[in-house]
1. Test each condition in (1) over 29 Å from Val252 (Cβ atoms); (2) without any contact (Cβ under 8 Å) to a residue 60 or more places away in the chain; (3) out of contact with any strand residue (DSSP E or B) (no Cβ under 6 Å at 6 or more places or on another chain) for Gln171 and report the one that comes out false.
2. Please name all residue pairs, on different chains or six or more residues apart, with Cβ atoms under 8 Å, provided the first residue is in region 126-152 and is among the small types (Gly, Ala, Ser) and the second residue is open to solvent by 60 Å² or more (accessible area, probe 1.4 Å) and not in a helix (DSSP H, G or I).
3. Only residues in region 298-310 that are under 14 Å from Val255 (Cα atoms) count as the first member; pair them with residues that are surrounded by 12 or more Cβ atoms within 10 Å (Cβ to Cβ), Cβ under 6 angstrom, at least 6 apart or cross-chain, and list the lot.
4. Mind checking which residues of region 308-339 are at pLDDT 95 or above and hydrophobic (A, V, I, L, M, F, W, C)?
5. Which of the residues that make up region 30-71 are farther than 16 Å from Phe90 by Cα, touching a residue at least 40 places away in the same chain (Cβ under 8 Å) and outside any helix (DSSP H, G or I)?
6. Give the residue, chosen from Gly70, Gly33, that is buried (at least 20 other Cβ atoms within 10 Å of the Cβ) and at pLDDT below 95.
7. Of everything in region 5-21 that's open to solvent by 10 Å² or more (accessible area, probe 1.4 Å) and not charged (D, E, K, R), which residue is nearest to Gly86 (Cα to Cα)?
8. For region 84-103, enumerate the residues that are in contact (Cβ under 8 Å) with a residue 40 or more places away in the chain and over 19 Å from Gln186 (Cα atoms).
Amino acid sequence: MSLDSYVSLGRSGLRVSPLTLGTMTFGEDHGWGASVEESEAMIAEYLDRGGNVIDTANIYTNGHSEKIIGDWFAARPGLRDRVIIGTKFFANLFPGDPNGGGAGRKSLVAALENSLRRLRTDYVDVYWLHNWDRTAPIEETMRALDDLVTAGKIRYVGVSDLPAWKVAEAQLLARFRGWAPVIGLQAEYSLLERTSEGELIPMAREHGIGVLPWSPLKSGLLSGKYSRSRAGAVDTRRAELVGGPTERDYDVIDVLERVAREVEATPAAVALAWVRQRPGVTSTLIGARRLDQFRANLASLDVRLAEEQIAALDEVSAPALNFPAENNRMLAPSLGFAGATVDGVRTSVLPLLTASDQRY
C-alpha cells in the first residue's frame, strides 16, 4: 500500500490517504515537539510521497501548529487546493472567557476565523469538533456548522472524542434536517486502547462515518522504545505525563515484538499496520518529533501481516468492553439465527433450543 491509495472518508465524496499527517507535535512551544524546520520537512516528505491529509487543531502548540502549516502553504501558491486540511475547535485559548471555547455558535465561529487567519486560507476541508460540550445544545452546534458549509468556509464536518450516543444524535439530527452530516470520527485506538470497539466504531460504521484513529502507538508505548527486557527511558515532558507500560501492556508488547521480528519490521510499523487494517478504519493519524521517526512510521505501509499474526495480536490485546458488547457479539447471533450462516458468519444452536423438540 502507498499514501496515494486513497479511500473515501465515510459516506462522502472526499478521498483521503490511508495515513494522515498529524501535527500536534509541530512547534516547540510546550517544551517538546518538532522545530519549524523539522515540521516543514515532514509536510514536504508526506506530500511528496502522495499523502493528501493534514490534521491540526487550534490548541496545538497554542496555534503555532496551524501557523506553521499556513506559512508553508502560503510560500507555495496553488498547492493548498490539492490538499485536505482539517482543524479542530473547542479548546479555549483565552483564560477566563466563558465563550472562548466549547461548541456554541459564538465560540466555534470565532475559533474558525482565527484558525483561517493562522492557516492563511479561505476555508478548511474538515472542521472537527474536538470534544463534547455538555453545555451546548447539539442542534446549535450542527446548525452553526451547516451554516459554515453553506458559507463556503468549511467543506465537511467531523467529530472527535464524543460519546457514541451523542455522535448518533448529531448525525440523525443533521440528516433529518438536511444539514451537513458528520463524515469522520477521531478516536483513540491502538493495540493498547481498543475499547472504541464497544460502541464508537460500530456506531460509526452504521452511520457512514469514517474512523481516524489517533495515538495508534499509545503515546510511544508501542514505538519499540519500551520492552520487558529493558526499561523505557522517559526523555520528554510529554512522556512523563503519559507514564510507562503496565504489566498487561508488556504482554501486548511481547507479542508485538515477536511479530515484528517475523515480518522484519519495527514494532511501531507493525502496530500501525494492525490499526490500519481494522474494520471501520479509514485513515490513521501519525505524527513525530523528527523526520526520521516520521519516515519510520510511513514504513508501516509496507508491512503485511499474516492471518495468524493478526490473530495473535488480536488475542493478546482483547479489551474488556462495556455491556452489551459481548452479549451482542456472542449470544445474539445464536439467539437470532440458530445455527444458520448469515453474511458469511456461521452461528451455533443454543443448548436450550435442542433440549426439546417440542414447540408451542
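1. Just one mismatch for Gln171, condition (3).
2. Sorted first by the residue in region 126-152, then by its partner, the pairs are Gly152/Asp122.
3. Leu305/Ala273; Gln309/Val259
4. Matches in region 308-339: Ile310, Ala311, Ala312, Leu313, Val316, Ala318.
5. Those that are farther than 16 Å from Phe90 by Cα, touching a residue at least 40 places away in the same chain (Cβ under 8 Å) and outside any helix (DSSP H, G or I): His30, Gly31, Trp32, Gly33, Ala34, Arg49, Gly50, Gly51, Asn52, Val53.
6. On the way: Gly70 fails: at pLDDT below 95.
Sole residue among the options that is buried (at least 20 other Cβ atoms within 10 Å of the Cβ) and at pLDDT below 95: Gly33.
7. Only one residue tops the list, namely Leu14.
8. none
The values are calculated or read from the model by the stated rules, or taken from the named source; none is laboratory data. Note that the structure is a prediction, hence the values are computed from the model and not measured. No Cβ is skipped: glycine too gets one built from the backbone with ideal geometry, and neighbour counts run over all protein chains shown. For accessibility, only protein heavy atoms count, side chains too; no ligands or nucleic acids. Shrake-Rupley method; radii C 1.70, N 1.55, O 1.52, S 1.80 Å.
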